[in-house]
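Worksheet: the structure to be examined is printed underneath.
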Amino acid sequence: MAYSKILLCDCLKSQSINAEQIESATGIPCSKVHSELCRSEAAITEEAIRDGDVMIACSQEQHFFEEIAGDLETDDPRTVDIRDRAGWVEASPPPTAKMAALIAEAALPQPGEKVVDVTSGGTCLILGDTETALSAAEDLCDILSITVLLDPDAELPLSDDRRFDIVRGRIKSAKGSLGQFQLSFDALQERIPGGRGAFSWTAPRSGGRTECDIVLDLGRAGPLFPAPEKREGYLRADPGSIQARTKALLEASQLVGTFEKPIYIKLDEHLCAHSRAQKTGCTRCLDLCPTGAITPNGDHVAVDAMTCAGCGNCSAVCPSGAISYDAPPVDHTFKRIETLASTWRKLDANAPRLLVHDGSHGADLIRLSARYGKGLPTDVIPLEMTALASFGHAEALAALAAGFATVTILLSPKTEKDGMPLQLGLANTVAGQDRVQLIEAVDPDALETDLYSDHDEVRATQPILPLGSRRQVTRLAAKALNESDAVIALPSGAPYGAVNLNVAACTLCLSCVSLCPSGALKENPDMPQLRFQEDACLQCGICANLCPESALTLEPRLNLGDEALAPVVLKEEEPFSCIECGKPFGVRSTVERLTEKLAGNHSMFQDNKAIKLIQMCDDCRVNSVYHSQNNPFAMGERPRVRTTDDYISKRRDH
């Protein structure tokens, strides 16, 4: 949306704000600089919210502003933090350019969030030792529908609490998430409530199945799922920690009702290069998905949106764009980067630095550094990402080519780091310098040490406009950062590269062409020819895996020359001319080799007529076989057509 006004506040004169320059850089009218919009000047805030389309340069008091909007029955105002991220800094010069960049980025239209409703009725399975599990069941049974699963050899206490069910057994398999868990059991026994004395159990049975909405795991064994902390509805706590158990019980009690589950990933199956003809190619997303939400599904992969935790790893490593992050979309991230850089340039000719962080750990360190330490350096612009791992080499290169001197990614303890070293290596290799770095600061002091350290000056480049897919933006950025016709060698596993052909081994069977998922390998319908377009190659490896002659090998590299955009001929031969009609077909060398190998050496090719079949096109071959003496299509003599005379001759009155 377009904002009609920005309310500026210097927070009790604790920061310096130049309203005139901010207005000129952002194009959004600015108010005069206020000092206490959340208290003594709240009437000004109320009037601006009533008028609508206002952005308030204060995120600390966001809840207060939303309360005002609620009382006025109007939309919540947009807020942007220019204090902790820019204004509170000990260093000079003034951070006006950074403030303007942050405001311009916050004013971008926000993409709509895609969600699906998840309903939980409150059926809960509790696992763990007898005492721990039963104690948790007693606390939750008035809120949730509880079933306790004990070990097969567990003994029940003497108390008879019928408010929840108790079974014994072992979990064989588990899948699903909040509202749709599916579990199967071995040696399952149910408690028999009747009779005198100790409770008895039914006979053990395997193959039992159940469904539930919530799983509370208080056991000491390993978790039921990979990345258990990312599985919604699966609550796992250390049974020896009272604090952890209490937190898990409280969280479980709140998981009843209908919830909105974000759809993080968009999948285009037609672009996926996972497999062709049962030959596995790309497995990058499968190798990195922490929750197991991505699984093979024929020639492509499938994504379980209910299990996906939105880490973004798959989007960063997908070579074709079949999987892309969609909360928000990748093109929105490119737009944010370009807006930050272009707005900065309107007020400052020096190249800024980009700090990429998450909304929890990284944002907290920035706030603490601003309030109690030096704050972010004036030339460091923060960019908060929903999924830090989704910021891959394409985004980093886009930032460098858009005008940032360096890119620093601040990892958090919850960041999925497995795929990030390759993304870092790719970005720095393409950039030609180590301009992208990962840091793991655990406190504000460590963050300041990393950001205030000396850094090399970077040559200025003509800023690009990062539009298009991640592959297109990468190529555009690489051409801006390197010589326009450079060929950059890339590390193994890179999604860009060439295919090298052993010409002597290739028979031009073209099986690689028919199964290439991106169309990088092409044929020529007019003559036997294998062509290759390097720009389209995903380095998935399907062609190398299925080539019957093992004639293809992969070479990871990024060719910035124009020749990479057009098909080049890897091998071509003369076609063979049909000995009957003269129509060209097949490959001359292949037909001649087959004739030489089969003539007189195979039972079906002992005479000259059979040998000539090899040298005929499809149409002539069928015609020749049909008219041959041993025609396999021949049938018995056709019966004579019965006529009226035949019927009359058999009548008894004739």
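Out of every Cα-Cα pair in the stretch 383-527, what percent are more than 20 Å apart? Of the Cα pairs, 58 percent sit more than 20 Å apart.
Indicate, rounded to the nearest 5 percent, the antiparallel portion of the DSSP beta bridges found entirely in the chain.
Details: 48 of 86 bridges.
If I count the DSSP bridges inside the chain, around 55 percent turn out antiparallel.
I'd like to know how the stretch 121-267 sits against the 2.2 N^0.38 Å rule of thumb: what's its Cα Rg over that expected value?
Working: Rg = 15.5 Å, N = 147, 2.2 N^0.38 = 14.7 Å.
Cα-based Rg divided by the globular estimate yields 1.06.
Charged side chains reduced to their Cβ positions (Lys and Arg at +1, Asp and Glu at -1) give the stretch 1-145 a dipole of some 900 debye around its Cα centre. Between residue 154 and residue 592, residue separation times 0.36 nm minus the direct Cα-Cα distance comes to 150.0 nm.
For the set 61, 232, 563, solvent exposure ranked by accessible area (probe 1.4 Å, protein chains only) runs largest to smallest as 563, 232, 61. Answer rounded, prolate or oblate for the stretch 1-55, using the Cα gyration tensor with square roots of eigenvalues a ≥ b ≥ c: rounded when a/c is under 1.5, else prolate when a/b is larger than b/c, else oblate. Here the stretch 1-55 falls in the oblate category.
How many Å³ per residue does the convex hull of the Cα positions in the stretch 473-565 occupy?
Expressed per residue, the convex hull around the Cα atoms of the stretch 473-565 is 103 Å³.
Quick check: net charge around residue 91, other residues with Cβ under 10 Å of its Cβ, Lys/Arg +1 and Asp/Glu -1? Once positives and negatives cancel, what remains is -1. Considering helices alone, the calculated mean residue ellipticity of the chain at 222 nm is -8000 deg cm²/dmol, with DSSP H runs of length four and up weighted by -39500 (n - 2.57) and normalised per residue. Length gained on full extension, residue 637 to residue 581, computed as 0.36 nm times the residue gap minus the Cα-Cα distance: 17.1 nm.
The distance linking the stretch 530-583 with the stretch 202-224 is 53 Å (Cα centroid to Cα centroid, whole angstrom).
Straightening the chain between residue 505 and residue 445 buys 15.5 nm, computed as 0.36 nm per residue apart minus the Cα-Cα spacing.
May I ask you to derive the FRET efficiency for residue 458 and residue 180 from their Cβ-Cβ distance with R0 = 56 Å, giving the value to the nearest 0.05? Don't jump to the answer; show the numbers that get you there.
Details: r = 50 Å, r/R0 = 0.90.
Step by step, r from the Cβ atoms, then E = 0.65.
Where in the stretch 409-433 is the amide nitrogen less than 20 Å from a point lying 7 Å along the Cα-to-Cβ axis of residue 484? Counting backbone N atoms under 20 Å from the label point, the list is 431-432.
Rounded to the nearest 10 degrees, the inclination of helix 361-372 to the longest alpha-carbon principal axis of the chain is 20 degrees. Taking 60 Å as R0, compute the FRET efficiency from the Cβ-Cβ separation of residue 438 and residue 622 and round it to 0.05. That gives a FRET efficiency of 0.40. A simple spin-label model places the labels of residue 163 and residue 190 2.3 nm from each other, with each point 7 Å out along Cα-to-Cβ. Please list log₁₀ I(q)/I(0) at q = 0.10, 0.16, 0.20 Å⁻¹ for the stretch 1-132, using the Debye equation with identical point scatterers on the alpha-carbon positions. After summing over all Cα pairs, the log10 values are -0.42, -0.79, -1.17.
Within the assembled protein chains, the solvent-accessible surface assigned to residue 20 is about 150 Å², based on a 1.4 Å probe.
Roughly how many Å² is the accessible area per residue of the stretch 236-378, as a whole number, for a 1.4 Å probe? Please report the intermediate quantities before stating the final value.
On the way: 6170 Å² over 143 residues.
Spelled out: the 1.4 Å probe surface of the stretch 236-378, per residue, equals 43 Å².
Placing pseudo-labels 7 Å out from each Cα toward the beta carbon at residue 142 and residue 280 gives an inter-label distance of 5.3 nm. The mean sequence distance of close C-alpha pairs (under 8 Å, at least 6 residues apart), as a share of the length of the chain, puts its relative contact order at 9 percent. If you take the square roots of the eigenvalues of the alpha-carbon gyration tensor of the stretch 202-267 and sort them as a ≥ b ≥ c, do you get rounded (a/c under 1.5), prolate (a/b over b/c) or oblate? Oblate, because a/c is 1.5 or more while a/b does not exceed b/c.
Take the alpha carbon gyration tensor of the stretch 295-417, find the square roots of its eigenvalues, order them as a ≥ b ≥ c, and report rounded if a/c is under 1.5; if not, report prolate when a/b exceeds b/c, else oblate. Don't skip to the end; give the middle numbers.
Details: a/c = 2.98, a/b = 1.61, b/c = 1.85.
Taking the square roots of the gyration eigenvalues as a ≥ b ≥ c, the stretch 295-417 is oblate.
Mean projected area of the convex hull spanned by the Cα atoms of the chain, taken over all viewing directions: 52.7 nm². Legend: Rg and Dmax of the stretch 224-375, from Cα coordinates, 20.4, 60 Å. Once both labels are positioned 7 Å from their Cα atoms along Cα-to-Cβ, the gap between residue 553 and residue 205 label points is 6.1 nm. Pairs over the 31 Å Cα-Cα cut-off, from the set 114/522; 114/172; 261/414; 247/417; 175/247; 32/346: 114/522; 114/172.
Legend: calculated FRET efficiency, residue 71 to residue 221, from the Cβ-Cβ distance at R0 = 41 Å, rounded to 0.05, equals 0.20.
The values are calculated or read from the model by the stated rules, or taken from the named source; none is laboratory data. Note that the structure is predicted; figures quoted are calculated from it, not measured. Note: ideal-geometry Cβ built from the backbone for every residue, glycine included; neighbour counts use all protein chains shown. The protein model used for the area step is the full one, side chains on, heavy atoms only, and it has no ligands, DNA or RNA in it. Shrake-Rupley method; radii C 1.70, N 1.55, O 1.52, S 1.80 Å.
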